[in-house]
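Presented below is the structure to which this report refers.
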Amino acid sequence: MTERSRYRLTIIHSVPDYDRWATVIREGRRERPGVVSTSVFRSVDDPNEVMVDIELDSVEAAQQLLPSNFRDLLDRAGIEIYPPVFIGELVDELSTGVERQSL
């Protein structure tokens, strides 16, 4: 039996006002197909730096997750610079010693 692939969409960026950003993110939150889990982390060194980490069940779900109005969402959240968006496939879990390779 082959283990199912896991994908991540990760965005790390600064927010000028965390509360404003969080409100905008919560307002836009809804059930999305393919999303397994969503986590938000705040930097311990800079409370205005956040990392959004979303686990997905397919690369297509990751690509479709970013709304066509992503720039509008960023504007409402007070984000001036378009942050880099990383979409990746799990290939190795170092903490468990289990190696995975893409076919």
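The values are calculated or read from the model by the stated rules, or taken from the named source; none is laboratory data. These numbers were taken from a predicted model, which means no experiment stands behind them. Cβ atoms come from the backbone with ideal geometry, glycine included; neighbour counts cover every protein chain shown. Please note that ligands, DNA and RNA were not included when accessible areas were found on the heavy atoms of the full protein model with its side chains. Shrake-Rupley method; radii C 1.70, N 1.55, O 1.52, S 1.80 Å.
Summary of computed values
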| quantity | calculated |
| --- | --- |
| Subset tally (residues that are touching a helix residue (DSSP H, G or I) at 6+ places or on another chain (Cβ under 6 Å) and within 18 Å of Ser37 (Cα to Cα)) for the stretch 51-94 | 2 |
| The one condition in (1) within 17 Å of Glu89 (Cβ to Cβ); (2) surrounded by 14 or more Cβ atoms within 10 Å (Cβ to Cβ) that Val36 fails to fulfil | (2) |
| Residue count, the stretch 59-85 (criterion: farther than 17 Å from Asp19 by Cβ and open to solvent by less than 30 Å² (accessible area, probe 1.4 Å)) | 5 |
| Subset tally (residues that are without any contact (Cβ under 8 Å) to a residue 24 or more places away in the chain and among the aliphatic types (A, V, I, L, M)) for the stretch 33-65 | 2 |
